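Worksheet for the structure shown next.
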Amino acid sequence: MKLATDEDIPQLLDILRSFHKETIYFDLVEFDEESLTETCESLIKNGFILMDDYSAIGIIIFPLFFNKNYKMAQEVFWYAKPEHRGKGAELLEKAEELCKEYQVNCIAMLSLNDKLDQFYERNDYQLNEKSFLKWL
């Protein structure tokens, strides 16, 4: 696992292309390399992307809106190609370590199902809110 740089963006695009195919967005939003390149550049500048050859987690870091003296990290994406899944705890631990180095006070992760909810709870996360999506 390593911190991504701008030179890693072509490989990240390959990983994110696979991710796109597994999301609800696949039939709704076309995969746009230019947009994702800009997103990756922004995460590298304003957070971090941890990656290997088959997986990546993108985190953005920003001031907590209630108090600018606190930093919050928010997962933007977390994906591993299907044949390389099962290292989630290791990846999350490394992301948390980096957040501590960046003096982040809290980290928000997304969950799409009960199994992932339980994973986060086992790792001392608490439910904060739910998110709903409506296309206009």
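The values are calculated or read from the model by the stated rules, or taken from the named source; none is laboratory data. Quick caveat, the model's predicted, so the values are computed rather than measured. Cβ atoms come from the backbone with ideal geometry, glycine included; neighbour counts cover every protein chain shown.
Going by what's in this entry, would K94 be described as in a helix (DSSP H, G or I) and basic (K, R)?
Taking the combined requirement at face value, the residue satisfies it.
Determine the pairs where a residue that is touching a residue at least 40 places away in the same chain (Cβ under 8 Å), located within the range 92-111, has a partner that is surrounded by 13 or more Cβ atoms within 10 Å (Cβ to Cβ) and part of a loop (DSSP other than H, G, I, E, B) with Cβ atoms under 6 Å apart, the partner being 6 or more residues away or on another chain.
Every condition considered, the pairs that remain are K94/M1.
Looking only at the range 35-77, count how many residues are more than 20 Å from N105 (Cα to Cα) and not hydroxyl-bearing (S, T, Y).
Going through the range 35-77 one residue at a time, the tally reaches 8.
Going through G88, G47, G58 one at a time, which residue ends up being surrounded by 12 or more Cβ atoms within 10 Å (Cβ to Cβ), more than 25 Å from L136 (Cα to Cα) and free of Cβ contacts under 8 Å to residues at least 24 places away in the same chain?
It is G58.
Being under 21 Å from R17 (Cβ atoms), acidic (D, E), more than 15 Å from the chain's Cα centre (by Cα) and surrounded by 10 or more Cβ atoms within 10 Å (Cβ to Cβ) is true for just one of E75, E33. Which residue is that?
Of E75, E33, the one residue that is under 21 Å from R17 (Cβ atoms), acidic (D, E), more than 15 Å from the chain's Cα centre (by Cα) and surrounded by 10 or more Cβ atoms within 10 Å (Cβ to Cβ) is E33.
Quick one: would you say A4 is of a type in the set (A, V, I, L, M, F, W, C), at pLDDT 95 or above and surrounded by 13 or more Cβ atoms within 10 Å (Cβ to Cβ)?
yes
Which pairs have Cβ atoms under 9 Å, sit 6 or more apart or on different chains, and link a residue in the range 2-27 that is over 13 Å from Y54 (Cα atoms) to one that is among the hydroxyl-bearing types (S, T, Y) and modelled with pLDDT under 95?
That search, which allows pairs on different chains as well, returns E22/Y79.
Just need a number here: residues in the range 121-136 that are loosely packed, with under 10 Cβ neighbours inside 10 Å and farther than 21 Å from I24 by Cβ. Spell out the reasoning first.
We begin by selecting, within the range 121-136, every residue loosely packed, with under 10 Cβ neighbours inside 10 Å; these are 122, 124, 126-136.
Remaining after also requiring farther than 21 Å from I24 by Cβ: 122, 124, 126-128.
The number of residues fulfilling the criteria is 5.
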